[in-house]
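Student: Just dropping this structure here.
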Amino acid sequence: MKFSTLLTGSLFATAALAAPLTEKRRAARAAKARHSNPPYKAGTDKEILKLTNTTNVEYSSNWAGAVLIGTGYTKVTGEFTVPSVSAGSSSSSSGYGDYGYGYYKNKRQSTEYCASAWVGIDGDTCETAILQTGLDFCYEDGEISYDAWYEWYPDYAYDFDSISFSEGDSVKVTVEASSDSTGTATIENLTTGSSVTHSFTGGTEGDLCEYNAEWIVEDFESGDSLVAFADFGTVTFTNAEATSGDSTVGPSDATIMDIEQDSTVLTSTSVDGDSVTITYV
């Protein structure tokens, strides 16, 4: 599978990343690759939550935010401020021994808490693919890290190099599909003026349907388990827009999602005009 070749190249590239990973996290990504998933029903074992155009909040174990359901979505964009991050109250932890997100250090267990903010196309009513890009934010033992990435699910995520982020920076994330198997993912640091783009030129493992446009905070997966969910405070996507044909629409008619784990609701999401606000509660 092409993942092994691409991952090898990605690992060599991480040595020069402007957003540095710790050695432990490099080893973790090599052993248990980070990836997103479709939204799962809260309290189920990876049963996909099929959304409808409802005014009721839907609950998922891994997605919080807003999802537009329609046809012909070819571009999604949004801006947010890089949040402060701390340990969350979630008890879910990957527990990968010496190299995972939950690991033993000095004979005690230390857990890395993470969350991710991204925009994407598809992944729900079309579950064959997700074209997405965003920023992971993680906290462990007082240390915070931010990593930009791109992904065409069901393949894994890959880190962008040559770009870095700090708390308070303004980020713009954009995905654009040029066909059901080609497109681009772009992330910009509006504070520093830097940007990176990855082009998907075909050969992807799943085809887009262009049915969904999303602005999401996710509890992503490493290996076969969700990482411990971080307290990210609040992430607000502003200038949130999706393109369908010749029209540009905002998230005002989107279905709202919140994360529920172990029968506890961990987020609160609201939509106001062209903004989507997700708060850790």
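Laboratory data are not the source of any read-out in this text; all were calculated from the coordinates shown. Just so we're clear, the structure is a prediction, and the values are computed from it rather than from any experiment. We place every Cβ from the backbone using ideal geometry, glycine too, and count neighbours over all the protein chains shown.
Student: Rank by packing, highest mean first: peptides 174-186, 118-130, with packing defined as the count of other Cβ atoms within 10 Å averaged across residues.
Tutor: Packing proxy ranking, top to bottom: 118-130, 174-186.
Student: Add +1 for every Lys or Arg and -1 for every Asp or Glu among the other residues with Cβ under 11 Å from the Cβ of T248, and state the total.
Tutor: -2
Student: Follow-up. Among C138, C114, which comes first, then next, by fewest other beta-carbon atoms within 10 Å?
Tutor: C138, C114
Student: Would you pull out the residues with amide H under 5 Å of L190's amide H, same chain only if 5 or more places away, H placed 1.01 Å from N?
Tutor: Correct list: S170, V171, K172.
Student: Counting Lys +1, Arg +1, Asp -1, Glu -1, what net charge surrounds K50 among other residues with beta carbon under 11 Å of its beta carbon?
Tutor: My count for the surroundings of K50 gives -3.
Student: May I pose another question? Based on other C-beta atoms within 10 Å, arrange S268, S116 from fewest to most.
Tutor: Least to most surrounded, the residues fall as S268, S116.
Student: For the stretch 116-127, take each phi angle, set θ = phi - 60°, evaluate the Karplus expression 6.51 cos²θ - 1.76 cosθ + 1.60, and give the result in whole Hz per residue in order, putting x for glycine and proline.
Tutor: Working through the residues one at a time gives 9, 10, 8, 10, x, 10, 6, x, 10, 5, 10, 9 Hz.
Student: Now a separate question. With the Cα gyration tensor of the stretch 104-227 giving a ≥ b ≥ c as the square roots of its eigenvalues, does the rule (a/c under 1.5 for rounded; else a/b larger than b/c for prolate; else oblate) give rounded, prolate or oblate?
Tutor: Cα axes put the stretch 104-227 in the oblate bin.
Student: What net charge do the residues around Q132 carry, taking every other residue with its C-beta under 10 Å from that of Q132, with Lys and Arg at +1 and Asp and Glu at -1?
Tutor: -4
Student: Order these peptides, 196-202, 37-43, 212-218, 72-78, by their mean beta-carbon neighbour count within 10 angstrom, highest first.
Tutor: The packing order, highest mean first, is 212-218, 72-78, 37-43, 196-202.
Student: Counting only residues 5 or more places away or on other chains, whose amide H sits under 5 Å from the amide H of W149 once H atoms are built in the peptide plane?
Tutor: G134, D136, F160
Student: Another question about this same structure. According to a simple spin-label model (label point 7 Å from Cα along Cα-to-Cβ), what is the distance in nm between A87 and D272?
Tutor: Going by the 7 Å Cα→Cβ label model, 3.3 nm.
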